[in-house]
1. Please report, in cubic angstrom per residue, the volume enclosed by the convex hull of the alpha-carbon atoms of the range 16-104.
2. Residues in the range 26-43 near a label at ALA60, defined as backbone nitrogen under 20 Å from the 7 Å Cα→Cβ point?
Amino acid sequence: MIDTPGMRELGLWDAGDGLDRTFSDVEALAARCRFRDCTHTGEPGCAVAQALETGSLDRARWQSYQKLRTEQDFAADSAGWLAAKEKKFKEISKINKANRSRSSGK
Ligand SMILES: [Zn+2]
């Protein structure tokens, strides 16, 4: 991972710590799955699916964990994230330029 100056200020690096602390029980449960790369979407021997079935894991809690996990994956792909952000900025500046030329052309 490239440690670009300024990236820490965006708080992307802190996401991992928070996830581990808040959902340590979910993480522990996921670690008990038969497969280490279990995606918990119907694999045999999935401890998460089993816990959801028996009710020992709250479905809403699991969903919020997955949501946070997605955000963390997104943050981990910082290069892609920055590229998307840069593209957005270019689009915005293009719109601003167009607006400027329209108003000055009067
Ligand atoms: Zn699983």
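Read the figures in this text as sums done on the coordinates, not as results from a lab. Predicted model only: the values in this text are computed from it and were never measured. Neighbour counts are summed over all protein chains in view; Cβ atoms, including those assigned to glycine, are modelled from backbone coordinates with ideal geometry.
1. On the way: hull volume 12.4 nm³, N = 89.
Cα-based convex hull of the range 16-104, divided per residue, equals 139 Å³.
2. Label zone hits: 26-27.
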